[in-house]
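Since the structure comes first, as structure tokens, the remarks are kept for the end.
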Amino acid sequence: MKELEGRLDGTGLRFALVVARFNELITDQLLAGAADCLIRHGVSRDDLQVIRVPGAWELPGACARVASRGGVDGIVALGCVIRGDTPHFEYVAGEAASGLGALNRTGDVPVGFGVLTTDTVEQALERAGTKAGNKGREAAEATLEMATLFRDLS
Ligand code: INI
């Protein structure tokens, strides 16, 4: 039986980290976790590009342009959508998830989903480097694994 899976070796790979400024107290922590993960796995700091956008709504458009421009092996999308009193949350979170999902399925490079969708600020903080880990780090690690897998599959 032959098995194929990605590796956590980022030597020579290039990544774009596309990060939303909305809720930046939290997204800055997701960014720190994602960058630290990739560097620890061998990605050169010079091969990381950080691209900032206003909010999670803007993530799919920016990631699509980065993907079509080329020059990266993977993209990590980072954002934080916190539920409010109106249906606004559903639209922003839904569009970010479906837009990034479509891009991940159809593009040449993997797009990691490091977008928190939570009911409260506390839940978001827990997932941005406190008791529930750092979802930016997890998204970066998965993107690295998929980037090496995509290389092997191409
Ligand atoms: N953007 C976020 O990233 N998180 C949110 O929680 C959020 N809320 O709640 O409104 C949010 N809104 C802004 C949105 O992403 C766009 O930047 C804005 O609508 C302009 O297009």
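Bear in mind these aren't lab numbers, they're just calculated from the coordinates by the rules spelled out. Bear in mind that the values here come from a model prediction, so they are computed numbers and not experimental data. Backbone-built Cβ (ideal geometry, glycine too); neighbour counts: all protein chains shown.
Remarks
- VAL72 being surrounded by fewer than 16 Cβ atoms within 10 Å (Cβ to Cβ), touching a strand residue (DSSP E or B) at 6+ places or on another chain (Cβ under 9 Å) and not basic (Lys, Arg): no
- Any hit, the stretch 78-94, residues being farther than 15 Å from VAL115 by Cα, in a strand (DSSP E or B) and in contact with a Phe, Trp or Tyr (Cβ under 8 Å, 6 or more places away or on another chain): no
- The lone exception for GLY42 - which of (1) on the phi > 0 side of the Ramachandran plot; (2) crowded, with 20+ Cβ neighbours inside 10 Å it fails: (2)
- Against the list (1) free of Cβ contacts under 8 Å to residues at least 12 places away in the same chain; (2) buried (at least 17 other Cβ atoms within 10 Å of the Cβ), the condition ASP85 fails is (2).
- Scanning the stretch 38-73 for residues that are assigned to a loop (DSSP other than H, G, I, E, B) and away from the ligand (no atom under 16 Å from the Cβ) yields HIS41, GLY42, VAL43, SER44, GLY70, GLY71, VAL72, ASP73.
- Subset of the stretch 118-141 that is among the aliphatic types (A, V, I, L, M) and surrounded by fewer than 19 Cβ atoms within 10 Å (Cβ to Cβ) - its residue that is nearest to PHE89 (Cα to Cα): VAL121
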